[in-house]
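Here is the structure we will look at, set down as structure tokens.
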Amino acid sequence: MILGILGGMGPEATCDLFKKIINLTYATNDQEHLHIIIDNNTNIPDRTQYIYGYGEDPRIEMIRSIIKLEAMGVDYIAIPCNTAHYFYDDIVKYTKVKIIHMIYETAFYLKNNYPDNKDYLLLATEGTYISGIYHKIFKEYDLKIIEPNDIDKQIIMNWIYKVKSSKIDITLAEFESLVNRYTKNTNIPIILGCTELPVLVDSLASTYNMKKEYIDPTLILARRCVELANKEIKGKLVENGAI
């Protein structure tokens, strides 16, 4: 069972998914870890710029990566970029390999693990907000997305690009001030709906005590990657009469 990661959107987020998969895998040696092939394709154009209507089409490079990963023998593919899932229906047609849909996985996970919660604050790229992909999928699960105002969306976008450039200088006060404007005196969980944001929150949490509850779609995606690999291993053991 070989996992392919369509990465490069951005490299830090790709690395974060890889590390989380390793940490979630029960292994006592190298050979028990997942076989993973990563295409860190940094030629993929900015997804938000394209959705806004002034950037290059990212689908061309995304499709190239998917075809390349399939040719290298992967059995399934993960994409550590929320905004990229806006193009899911366009790119999935070019491969016979299963592509895990991170946003569907997130909605499914929340519906099953947070049955009393309906509302979620979404922190994401402006492209993800404009695409409405979280709203559409969460509505299917009877869940509601809360969006920040336009000024705060721009602040979040700036945070994301700082992580992409490895210049994380955001303070806990800045971060929590924005979050509290929408969740103060409530138990509304916050979805880190851009794969750079878990990197930012992990950086802050290493120094400060984060008081709010944050939902990490990258972690949910990593968990699903491991689950699929374990199912495949168990299936082969059953087939061979080992269990």
Point to revise | Test for residue 95: is it among the polar types (S, T, N, Q) and under 17 Å from the mean Cα position of the chain (by Cα) | key: no
Exercise for review: Give the residues of region 128-173 that are of a type outside the set (D, E, K, R), out of contact with any strand residue (DSSP E or B) (no Cβ under 7 Å at 6 or more places or on another chain), farther than 24 Å from residue 10 by Cα and modelled with pLDDT of 95 or more, sorted by residue number.
Suggested key: 141, 149
Revision key, fill the gap. Residue pairs qualifying under the 9 Å Cβ cut-off, at least six apart or on distinct chains, with the first in region 28-54 being aliphatic (A, V, I, L, M) and outside any helix (DSSP H, G or I) and the second being at pLDDT below 95 and surrounded by 14 or more Cβ atoms within 10 Å (Cβ to Cβ), are 34/1; 34/229
Review point. Can you tell me which residue in region 101-129 is nearest to residue 148 (Cα to Cα), limited to those that are surrounded by fewer than 17 Cβ atoms within 10 Å (Cβ to Cβ) and touching a residue at least 40 places away in the same chain (Cβ under 8 Å)?
Key: 119
Review point. Within the group 90, 39, which residue is surrounded by 20 or more Cβ atoms within 10 Å (Cβ to Cβ), in contact with a Lys or Arg (Cβ under 7 Å, 6 or more places away or on another chain) and modelled with pLDDT of 95 or more?
Key: 39
Review point. What are the residues in region 117-128 that are of a type outside the set (A, V, I, L, M) and in contact with a helix residue (DSSP H, G or I) (Cβ under 6 Å, 6 or more places away or on another chain), if any?
Key: 125, 126, 127, 128
Point to revise | Residue tally, condition without any contact (Cβ under 8 Å) to a residue 60 or more places away in the chain, farther than 25 Å from residue 129 by Cβ and of a type in the set (D, E, K, R), over region 55-88 | key: 2
Exercise for review: Kindly list the number of the only condition in (1) of a type outside the set (A, V, I, L, M); (2) within 18 Å of the chain's Cα centre (by Cα); (3) on the phi < 0 side of the Ramachandran plot that fails for residue 132.
Suggested key: (3)
Check your understanding: Got a sec? Which of 69, 17 is in a helix (DSSP H, G or I), over 16 Å from the mean Cα position of the chain (by Cα), under 17 Å from residue 228 (Cβ atoms) and at pLDDT 95 or above?
Key -> 69
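Residue-by-condition table, conditions (1) at pLDDT below 95; (2) of a type in the set (Lys, Arg); (3) not assigned by TED's automatic domain parsing to the domain that holds residue 107:
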| position | (1), (2), (3) |
| --- | --- |
| 203 | yes, no, no |
| 208 | yes, no, no |
| 211 | yes, yes, no |
| 223 | no, yes, yes |
| 226 | no, no, yes |
| 231 | yes, yes, yes |
| 235 | yes, no, yes |
Review point. Which residue out of 4, 8 is within 27 Å of residue 203 (Cβ to Cβ) and in contact (Cβ under 8 Å) with a residue 24 or more places away in the chain?
Key: 8
Check your understanding: Can you name every residue in region 201-220 that is more than 20 Å from residue 188 (Cβ to Cβ) and acidic (Asp, Glu)?
Key -> 202
Exercise for review: Out of 52, 76, report the one residue that is aromatic (Phe, Trp, Tyr), touching a Leu at 6+ places or on another chain (Cβ under 8 Å) and either surrounded by fewer than 23 Cβ atoms within 10 Å (Cβ to Cβ) or modelled with pLDDT of 95 or more (or both).
Suggested key: 76
Check your understanding: What do you reckon, is residue 103 over 25 Å from residue 4 (Cα atoms) and of a type in the set (Val, Ile, Thr)?
Key -> no
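The values are calculated or read from the model by the stated rules, or taken from the named source; none is laboratory data. None of the values given here were measured: they were computed from a predicted structure. Heads up, the Cβs are rebuilt from the backbone with ideal geometry, glycines too, and the neighbour counts pull from every protein chain shown.
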